[in-house]
Amino acid sequence: MTSPLTLGTAAMLTAAPLLWAGNAIVGRMVHDLISPFTLNFLRWVLAFALLLPWSWSVLRRGSALWPHWRRYALLGLVGIGCYNALLYLALQTSSPINVTLVGSSMPVWMLVIGRLCFGARISLRQMLGAALSVLGVAVVLSRGDLRQLLSLQLVPGDLFVLLATILWSLYSWMLADTREPTSIRGDWAGFLMAQLVFGLGWSALFASGELALGHMNLQLSLPLAGALLFIALGPAILAYRFWGVGVSRAGPAVAGFFANLIPVFTAILSTLVLAELPHVYHGVAFHLIVGGIVVSSRR
């Protein structure tokens, strides 16, 4: 049972997209230094090490995790093993604007997955909110000139983003399922570790395949080490924590609209990196996306 959207929940659902925007920028910056599946694997290795002191007890033989291991193995596959690996893979071949544009379909997929797989009802408010939110993303990606969207050309990397978006929508709906023991759900570090212990295995499997096919690339350097530390602590541990709590409180359908803040934050961070000032269309897009959130989350 979800609760009305509170300021604290909104803050958590906003912090996660901000960290994930940084993840996309950093992932693009180091794409020449490390291959995508290796990056995803090393990211979660570091996250495992950072999280272990607070969550080691969930790995014990008598832990409540093991009777529900199939559920956490699936969560680990979808949310940890696949999503970011597909995102990093897309950033190898697709432009940032295409990646963000395809990913902006998340609110729509949240509603579709919820309806088809979980029997959730789609309200008129949610459809209107989805339209406003996607329009806001289109404004920021086109820099205020929607005619630029007509010149976009999709590449294979965009399909990876589409698949990642669908899988993340499924992952978010699975997070809303409260069948796991209260002892794990109430312990955020243990709940993430329960997913991570299996997700790390999936990530290792995918990285091994990358190595076997001769596509592995790893150029050790201080910039790469700093990037790995950031994406392990911020976009991995903290963002997953914020998103998990936000989804459990507000519900996956409402949370999906906050994901469209990612391109707005990406544009802002990009302008800061390039020493450029924000434009009017950034403000227009922000108000459209927030308007979609407000419309869809009203009771």
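What's the extension gain from residue 128 to residue 287 if we count 0.36 nm per residue and subtract their Cα-Cα distance?
Separation in residues times 0.36 nm, less the Cα-Cα distance, equals 55.8 nm.
What is the fewest-to-most order of 192, 159 by other Cβ atoms lying within 10 Å of their Cβ?
Arranged by neighbour count, lowest to highest, 192, 159 become 159, 192.
Between residue 32 and residue 150, what FRET efficiency follows from the Cβ-Cβ distance if R0 is 41 Å, with the result rounded to 0.05?
Efficiency for this residue pair is about 0.85.
Taking the number of other C-beta atoms within 10 Å as the exposure measure, put 25, 231 in order starting with the fewest.
Neighbour counts put them in this order, fewest first: 25, 231.
Please give the length that would be gained between residue 118 and residue 272 if that part of the chain were fully extended, namely 0.36 nm times their separation in residues minus their C-alpha to C-alpha distance (nm, one decimal).
51.4 nm
Test of understanding: ordering 125, 249 by Cβ neighbours within 10 Å, fewest first, what list do you get?
Going from sparsest to densest Cβ surroundings: 125, 249.
For the modelled label position 7 Å from the Cα of residue 68 along Cα-to-Cβ, which residues of the stretch 192-208 have backbone nitrogen atoms closer than 17 Å?
192-199
Can you give me the C-alpha center-to-center distance between the stretch 219-254 and the stretch 28-56, rounded to a whole angstrom?
Answer, in whole Å: 10.
Where a number appears in this text, it was derived from the coordinates with a stated rule and is not lab data. Not measured: the values here are computed from a predicted model. With ideal geometry, Cβ positions are generated from the backbone for all residues, glycine too; neighbour counts draw on all protein chains shown.
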